[in-house]
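Engineer: Below you'll find the structure I mean.
The values are calculated or read from the model by the stated rules, or taken from the named source; none is laboratory data. Since the structure is predicted, the reported quantities are computational estimates derived from the model, not experimental observations. Quick reminder, even Gly has a Cβ in these numbers, built from the backbone with ideal geometry, and neighbours come from all protein chains shown. The protein model used for the area step is the full one, side chains on, heavy atoms only, and it has no ligands, DNA or RNA in it. Shrake-Rupley method; radii C 1.70, N 1.55, O 1.52, S 1.80 Å.
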Amino acid sequence: MGEIDDAIERADREAFTHEPPKTLKGQISYLMKQLKSTRAVAQELGVSQRSVERYRKGERKHPPKAIADKIDAAVRSRWQPLVRKRRQKQAATATGITVETRAQFGYTAPIGTTDDGRFRRLTVHLPPEYARRLFDAREQGASDQQMRDIVAEGLQEVYFKDGGIRANNLEVTLNNIDYFDVSF
């Protein structure tokens, strides 16, 4: 995953109204409810069916860190999908998203103006149109670069061009991302 996808995932987790199960047994039981069989859970986690059965019964309480991380990620990705969808729909239709980043921006500008790329720290609220485009792109499996382009276009229009008031011929690219966070 890229920086933008990770940031959207973090923002999604903030939408949880209840925390997901914390115990291994609780997490495996939740995955069993979602995936319906030990075979499906085992395939999802990359372990044997017998390991899943041991985790579920509490016979094995401490899986290797890599497996524990996979279990946690599998639970979190399925946890409260309706709450997550509701928040995303609201951001995509009404409230928009807030992007906070420290990144190097590149510029293509008319002759006589500077086009030197430089690091900037920005916190900008993007309108719902950009939130919708970003969520749609993520859902369709867009690359990190495609999602960067959407964010760069939003920052270009809202921050650099100030809604069309200035810098009309400016083209902005989002290059080296040092930090990236999204909230909605």
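Engineer: Looking at R10, R39, R84, R60, which one is touching a helix residue (DSSP H, G or I) at 6+ places or on another chain (Cβ under 8 Å), basic (K, R) and closer than 25 Å to S143 by Cβ?
Structural biologist: On the way: R10 fails: touching a helix residue (DSSP H, G or I) at 6+ places or on another chain (Cβ under 8 Å); R39 fails: closer than 25 Å to S143 by Cβ; R60 fails: closer than 25 Å to S143 by Cβ.
Just a single option satisfies the conditions, and that option is R84.
Engineer: Regarding the range 102-121, can at least one residue be identified that is among the β-branched types (V, I, T), at pLDDT below 90 and either within 14 Å of G2 (Cα to Cα) or surrounded by 14 or more Cβ atoms within 10 Å (Cβ to Cβ) (or both)?
Structural biologist: So far as the range 102-121 goes, no, none of its residues is among the β-branched types (V, I, T), at pLDDT below 90 and either within 14 Å of G2 (Cα to Cα) or surrounded by 14 or more Cβ atoms within 10 Å (Cβ to Cβ) (or both).
Engineer: On to the next question. Need pairs with beta-carbon distance below 8 Å; first residue without any contact (Cβ under 8 Å) to a residue 12 or more places away in the chain and within the range 166-179, second of a type in the set (K, R) and surrounded by 11 or more Cβ atoms within 10 Å (Cβ to Cβ); sequence gap 6+ or separate chains.
Structural biologist: From residues that are without any contact (Cβ under 8 Å) to a residue 12 or more places away in the chain, the pairs are N168/K161.
Engineer: Taking the condition in a helix (DSSP H, G or I), closer than 30 Å to Y159 by Cα and hydroxyl-bearing (S, T, Y), does T93 pass?
Structural biologist: On the way: in a helix (DSSP H, G or I): yes; closer than 30 Å to Y159 by Cα: yes; hydroxyl-bearing (S, T, Y): yes.
Spelling it out, T93 is indeed in a helix (DSSP H, G or I), closer than 30 Å to Y159 by Cα and hydroxyl-bearing (S, T, Y).
Engineer: Kindly establish whether R132 is part of a helix (DSSP H, G or I), in contact (Cβ under 8 Å) with a residue 24 or more places away in the chain, more than 13 Å from I97 (Cβ to Cβ) and open to solvent by 30 Å² or more (accessible area, probe 1.4 Å). If you could, list the steps in order and put the result at the bottom.
Structural biologist: Working: part of a helix (DSSP H, G or I): yes; in contact (Cβ under 8 Å) with a residue 24 or more places away in the chain: yes; more than 13 Å from I97 (Cβ to Cβ): no; open to solvent by 30 Å² or more (accessible area, probe 1.4 Å): yes.
Considered against the rule, which asks whether it is part of a helix (DSSP H, G or I), in contact (Cβ under 8 Å) with a residue 24 or more places away in the chain, more than 13 Å from I97 (Cβ to Cβ) and open to solvent by 30 Å² or more (accessible area, probe 1.4 Å), R132 comes out as no.
Engineer: Also, I was wondering about something else. How many residues are surrounded by fewer than 16 Cβ atoms within 10 Å (Cβ to Cβ) and either in a helix (DSSP H, G or I) or at pLDDT 90 or above (or both) when one looks only at the range 150-180?
Structural biologist: Qualifying residue count, the range 150-180: 3.
Engineer: Every residue in the range 16-59 that is under 28 Å from Y179 (Cβ atoms) and surrounded by 15 or more Cβ atoms within 10 Å (Cβ to Cβ), please. I'd like the intermediate steps shown before the answer.
Structural biologist: Of the range 16-59, the ones under 28 Å from Y179 (Cβ atoms) are 16-17, 19-20.
Residue satisfying the conditions is P20 alone.
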